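Read-outs: derived from the displayed coordinates by stated rules, not from any lab. The model shown is predicted, which means the values in this text are computed figures rather than measured ones. As a convention, Cβ positions derive from the backbone with ideal geometry for all residues, glycine included, and neighbour counts pool all protein chains shown.
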Amino acid sequence: MGQGLSLLICGTAITCQYLAERKVETPMLQSFMNYALLLLTYTTTLSFRKGDGNILHILKTKWWKYLLVGISDVEANYAVVKAYQFTTLTSIQLLDCFVIPVLMVLSWIFLKTRFKLVHYVGVAVCLLGVGAMVGADLIAGRDQGSSSDILLGDGLVLISATLYAVSNVCQEYTVKNLGRVEFLGMIGLFGTIISGIQLSILEYSALTQISWNWEIILLFGAYTVCMFLLYSCMPVVVRLTSATAVNLSLLTADLFSLFCGLFLFHYTFDSPKTLTFPQFSGLYIVSFVVITVGFITFNTVPTVLPAARPEHEDEGSPNSSASRDAAVTQ
């Protein structure tokens, strides 16, 4: 299931590439459309529920907690996109892995998750796979991107990774104790508000310059569908495993994007000196295998977790116990 999430991320990367080729670079608009679809689907569902599961009760008791989660999620997405303007692809791939140790620390502190030696070994193997992927990028000439202000770009990646870790820990706690629909409904609500405000401030000019046609509309639609499915399915996988395990499986997303690029964007095995596109290196295959081995190693032994409360709302019951007043982030 984790690799299915990687394929969805691959789908967002491909649609972004096609939009960029058409001079459309509106990351906040794309985020807004995803959050708006989450709002229409899950926030609306919460509004029809009764008792503690109703959106009004949730907002009265926990609005500020979900506001913080929404800010973390929106700004994590925005920071990593902005980082591409200042630093290189290699730096982003390496520093984005920072989310995993931060996630493990936050899980240990707030979720009381206890990791064993095999889990640390699995993480180390996955990171070795990322190293092989970065090495393949350097050999193939994929280290594109601006380096006008590397420190700023690297800092944005680290900020993004930290915010992603915060959002993922909150997601794991919420879906295992309060329910998937509640988490997605609140993310949809606050994400729409926050991204809408940023969209009106940062991308109004870019929106007016878009030459709308059916291709661009379809690309926006495809991106939104991929992101909506990613957000909708990820809590299911997190509930079955953990946020750390999910993020390890997502390390293969860049590789899936590259494999698709072989067919869609004409990456080749030829010398990059004579081509516009980067060459393909066998290290990419090695990287995929190593990351997969690390992920399997991590999941051979389950992490030690405190008992989760029943997921009331996702099983059809509109009323939950007093446990709904528990904090989203402990």
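Quick notes on this structure:
- Trp108-Leu202 pseudo-label distance in nm [points 7 Å out on the Cα-to-Cβ vector]: 3.2 nm
- Cross-link partners of Lys60 among lysines (Cα-Cα below 28 Å; sequence separation of 8 or more within a chain): Lys50, Lys112, Lys176
- Once both labels are positioned 7 Å from their Cα atoms along Cα-to-Cβ, the gap between Ile296 and Lys116 label points is 1.8 nm.
- Where trypsin sites (Lys or Arg not before Pro) fall in DSSP loop in the stretch 10-118, at most 14 other Cβ within 10 Å: Arg22, Lys23, Lys50, Lys112, Lys116
- Relative to the current alpha-carbon distance between Leu68 and Trp212, full extension at 0.36 nm per residue lengthens the span by 48.4 nm.
- Under 13 Å, Cβ to Cβ, from Pro27 - net charge with Lys/Arg +1 and Asp/Glu -1: -2
- Each label point was placed 7 Å from the Cα along the Cα-to-Cβ direction; for Thr41 and Gln85 their separation is 3.0 nm.
- Tensor-based shape of the stretch 142-223 (alpha-carbon gyration tensor, a/c under 1.5 rounded, otherwise prolate or oblate): oblate
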